[in-house]
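Quick notes on the structure that follows.
Every number in this text was worked out from the coordinates using simple rules, so none of it is lab data. Since the structure is predicted, the reported quantities are computational estimates derived from the model, not experimental observations. For neighbour counting, all protein chains shown are included, and Cβ atoms are generated from backbone atoms with ideal geometry for every residue, glycine included.
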Amino acid sequence: MKTHFSRDAYFKKLTSFPCFFILLLVTACSGGESEPDAASSALKSPSTAKTLPGKPQQQSPDSSANKAITLRPESLPYIKVQEVKAESLGGVISAPARVDFRAKAISTTGTVVEGRITKIYVQVGDRIKAGAPLATLSSVQATQMRSDYARAEAELGRAEDRYRRQLEMQRSGVGLEIERVEAETQLKQARTDLDRSRDFLHLLGSGAADEVTIRAPFDSMVLKAYVSVGAAVGSDTPLFDLGEPSAAWIVADVFERDLALVEKGAKAVIELASSPDPIHGHVVAESAAIQSDLRRAAVFIAPDDAKIALRPGMYARASIETSGPGHIFLPASAILIRDGKTTLVYVEKSAGVYEPRVVQVGQAREGLIPILKGLSGGERVVVGGALLIDGEAAMLL
């Protein structure tokens, strides 16, 4: 049996069709466009993303190393913070040392004439008195200089006789004034020539004919010999290096980081390998230069007893007392070394927020490490759990 619908019945049936199907299509179309827009917005503006509770604040890979780190609340009980202040904590810096002469206590001897070495009287390491012979050389120039002195001495005698004769003639009334003045001028010239020849002989040294003996100018120690018997030398050739034993001091090589703890006048104890008893001294100066390879600087120590015999070249170990007024001292647990070269600590900025701070440290003493640069009194520093904060910081990189 066929069913027929009228036109009015058809439109009535169409208008009663459920509308949820149409709403579903509209929702699907609008939803497919809104989700990509939201994701794109999140990628373009990461700063608008909400921080998850209990998570550290994330940083971009190129963020500063001083960016503060926020810890989870459950991690805070494992963190120990301490307010720091400058303290005076005495200690000792130990450094390798050596005995050496002061810069102005070394003299290089030579000769003013050319010649050839015929004899050497000393050896390296000898202690000699002022005036002791060092070497003898044969020189033709020495012969000429001594001959010139003898000639100048004879010329002076003749000039004196000539001048006396002119004075007598003038008193007798037969001499001329012009001849007396000329004789007086020749006498002055002869005296000048003799003085010059005498000064040359003084510089030349003792000896006779062509021999010249080189002597020590002061009580000294022979440090180095530049010549041997038979060697030809000139007026600019060094012969020996001499040092004044009483001007020796101890040179300690102190690490650059510990220099700030060393003060002028600080007491020091020096142990010498060749002496069973230690030597007491005090710091007198520091070198302005740093050894680029070892990162050390020379600290100069003078013995308290100036009569102690020190031999340059001796190896020693120096223990220098320090009193670090104005320095902050932290336990080793507060110090972290990153990448094998950067030393840092964590400073509390607010509750649960910590900032890494690069510092310069000195040599540890009595279980504490002095902070030479990077911290100020009154700051709160993490002394326990620093590794935990550093681990959270590493997760952000």
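Once backbone amide H atoms are built at 1.01 Å from N, Lys349 has Tyr354, Glu355 as its partners under 5 Å, excluding neighbours fewer than 5 places away on the same chain.
Scalar couplings 3J(HN,Hα) for segment 311-320, obtained by applying the Karplus form with A = 6.51, B = -1.76, C = 1.60 to θ = phi - 60°, are 9, x, x, 5, 8, 8, 10, 10, 10, 9 Hz; x denotes Gly and Pro.
What order do you get for 260-266, 107-113, 198-204 when each peptide is scored by the mean count of other beta carbon atoms within 10 Å, highest first? Walk me through the numbers on the way to the answer.
Details: 260-266: 15.6, 107-113: 17.7, 198-204: 13.6.
Descending mean neighbour count gives 107-113, 260-266, 198-204.
Note on segment 140-209: semi-axes of the ellipsoid equivalent to its C-alpha gyration tensor, largest first and rounded to whole Å, are 33, 9, 7. For segment 182-326, the alpha-carbon coordinates run over 81, 39, 34 Å along the three principal axes, in decreasing order. Here the Karplus curve 6.51 cos²θ - 1.76 cosθ + 1.60, taken at θ = phi - 60°, turns the phi angles of segment 220-235 into couplings of 7, 10, 7, 8, 7, 10, 9, 10, 9, 4, x, 6, 8, 10, x, 6 Hz, with x standing for Gly and Pro.
Taking packing as the residue-averaged number of other Cβ atoms within 10 angstrom, the listed peptides 299-307, 383-391, 332-340 run from highest to lowest as 383-391, 299-307, 332-340.
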